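Just so it is clear, none of the values below were taken in a lab; they were calculated from the coordinates. Since the model is a prediction, treat every value here as computed from it, not as a measurement. Please note: Cβ atoms are built from the backbone with ideal geometry, for glycine as well, and neighbour counts cover all protein chains shown.
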Amino acid sequence: MPADWKAVSGLETTDDPRTFAGTVELLLDSPVMIGDFREWKFMAAGVPHTVAIWSPPDAKAVDAAPIVQGIQKLAEQAIKAFGKPPYPQYAFLLENGGQAALEHATSVNVGISVERDFGFDEIAHEFIHVWNLIDVRPKERIGLKQKFAEPAGVLWWSEGATIMFADLLIRRAGLGGNRRTRLQRLESLIARYLSAPGYSTLSAEMVSRGDSYPELLGDNWAGTHLQGEVLVTMLDLKIRGVTDGKRSVDDVMRLLATKFDSDRGIVNSDLERAINDVCHCQTRGFFNEYIYAAKQVEFDRYLGLIGMRAEIKQVPAVDAEGKPSVDLRIGPVTPAGELKLRITNSNSTWARAGIRTGDKLVSANGKPIADWPAFRTWLRTLMIGDTARLLVERAGEKRTIEVKLGTFDTPSVSIVDVERPSPKQFTLRNAWINGT
């Protein structure tokens with residue numbers, strides 16, 4: 001490579017700054033950033049961390065100082081919460097103006113931008129995965145595989161706890177800015193949870209397995225990130241309630257990190273035991289109702305521990321301009337490759353018209369549709385009252401299905417006080433809201 005370029009990675013360094021080393025798994029897993037980039041280093045818990053920012057020539061300049069300082073604060077808060085880092089060195093590989101993010105064993109690569117608050121949510125989420133999904137990982141993901149991993153039943157924790165902790169550590173690190181309060185975030189989570197039947201009719205274990213195999217979920221789709229964050233939040237409230245605020249899900253993650261690693265994977269019974277050990281209570285009822293089986297979460301049962309309850313009502317769905325939204329609750333089984341449709345809500349206009357998850361889309365209103373981006377573009381042209389004619393293929397047979405587009409209702413949630421909350425409830429509430 002050109003003499004004035006540099007290379008950086010989460011791989012092991014050598015005496016030659018352009019030569020890296022590592023195990024086969026680490027070599028396969030680790031991206032390497034090569035080029036003309038800026039680089040900073042800091043130590044956290046005695047472990048070296050590197051932040052590298054690459055910008056294309058035409059990218060809008062970013063002020064690196066708050067990014068590097070913010071990342072260092074996030075790293076320090078994560079180590080404080082979960083314990084010893086499960087890596088010998090770590091690299092944050094950031095692309096100015098890039099999109100998306102992905103976790104790795106000793107690094108993370110993230111697209112950042114000023115408009116997205118530098119991407120701290122993505123950075124925190126993928127960084128926390130080092131503890132929760134890479135070090136403490138599903139047993140189905142142990143070791144090198146020469147084929148796609150089998151469905152894993154614990155992703156509700158691997159993803160749900162991670163996304164909850166990402167929000168929490170950003171607050172603890174003082175990077176929240178104009179962030180919604182934790183109660184406002186929970187109101188939104190509950191509303192989204194109640195907006196699709198799949199969250200109440202599919203167990204967390206099944207939704208976890210469907211994360212990589214969406215056709216397993218049929219026409220009652222649910223997302224493991226959202227379902228998991230809701231369930232982990234309810235468990236957090238339960239743990240805080242039964243321990244008088246002395247323990248939280250932080251302690252569960254810390255315990256898991258001491259008992260498991262990338263060579264010994266977890267299953268749901270391991271999670272159940274870890275939670276029981278932390279709270280010195282039984283969570284079998286919770287796991288039987290929500291993890292191994294399906295049931296709508298009794299929110300007031302857990303919110304009541306902090307002296308609150310949920311007021312829920314149905315309201316018309318509206319767009320960004322406040323106008324009634326057209327029902328576009330349909331998506332792809334996978335975003336790339338052959339376009340198979342996925343019903344995201346069994347109450348949607350599309351489901352009621354007869355579209356089923358797994359249907360292969362041939363054309364829309366007579367126009368051939370080859371992939372998801374093309375279908376998404378076409379969907380955005382639809383208006384309330386339009387009739388969509390889809391030609392789909394199911395079990396080798398082609399059929400035309402007409403869909404009359406209409407509006408739909410969505411839940412609205414407000415979390416309010418119960419009558420006469422107790423001092424204990426107020427204390428637990430304040431600790432939870434403040435993320436302590």
### Task
Under 1.5 on a/c is rounded, so check that first for the range 330-407, then, if it is not, pick prolate when a/b is larger than b/c and oblate when it is not; a ≥ b ≥ c are the square roots of the alpha carbon gyration tensor eigenvalues.
rounded
### Summary
If 33, 253, 1 are placed from fewest to most neighbouring beta carbons inside 10 Å, the sequence is 1, 33, 253
### Query
Which residue fluctuates the most in the chain, going by a Gaussian network model with Cα springs under 10 Å, if the choices are 310, 374, 91?
374
### Query
Taking the chain as a Gaussian network, Cα atoms linked when under 10 Å apart, which of 303, 341, 379 shows the biggest mean-square fluctuation?
379
### Query
Among the lysines, which fall within straight-line cross-link reach of residue 238, defined as a Cα-Cα distance under 18 Å, with same-chain neighbours fewer than 8 residues apart omitted?
246, 295, 424
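Among the listed pairs 6/41; 80/139; 323/367; 313/404; 340/398, give every one whose C-alpha distance is greater than 21 Å.
80/139; 323/367; 313/404
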### Task
Quote the relative contact order of the range 6-130 in percent (integer), defining contacts as alpha-carbon pairs under 8 Å separated by 6+ residues.
23
### Task
Would you mind ranking 246, 360, 73 so that the residue whose beta carbon has the fewest other beta carbons within 10 Å leads the list?
246, 360, 73
### Message
Between residue 280 and residue 436, how high is the FRET efficiency from 1/(1 + (r/R0)^6) when r is the Cβ-Cβ distance and R₀ = 22 Å? Nearest 0.05.
### Response
0.60
### Task
Take the alpha carbon gyration tensor of the chain, find the square roots of its eigenvalues, order them as a ≥ b ≥ c, and report rounded if a/c is under 1.5; if not, report prolate when a/b exceeds b/c, else oblate.
oblate
### Query
What is the range 68-180's relative contact order, in percent, from Cα pairs under 8 angstrom and six or more apart in sequence?
25
### Among beta bridges that DSSP assigns inside the range 1-115, antiparallel share in %, nearest 5
55
### Query
Under a plain spin-label model, where a point goes 7 Å from the Cα along Cα-to-Cβ, how far apart in nm are residue 314 and residue 61?
5.5
### Summary
FRET efficiency for residue 269 and residue 371 from the Cβ-Cβ distance with R0 = 51 Å, rounded to 0.05, comes out at 0.80
### Query
Is the range 255-356 best put as rounded, prolate or oblate by its Cα gyration tensor, with a ≥ b ≥ c the root eigenvalues, rounded for a/c under 1.5, and otherwise prolate when a/b is larger than b/c, oblate when not?
oblate
### Summary
Expected sort for 391-398, 204-211 on mean C-beta neighbours within 10 Å, highest first, is 204-211, 391-398
### Query
Of 72, 146, 184, which has the largest mean-square fluctuation in a 10 Å C-alpha GNM of the chain?
146
### Summary
With R₀ set to 25 angstrom, the calculated FRET efficiency between the beta-carbons of residue 180 and residue 100, to the nearest 0.05, is 0.60
### Theoretical ellipticity at 222 nm over the chain - DSSP helices of four or more residues, -39500 (n - 2.57) apiece, nearest 500
-10000 deg cm²/dmol
## Note on the structure
Here the relative contact order (percent) of the chain, from C-alpha pairs under 8 Å and at least 6 apart, is 13
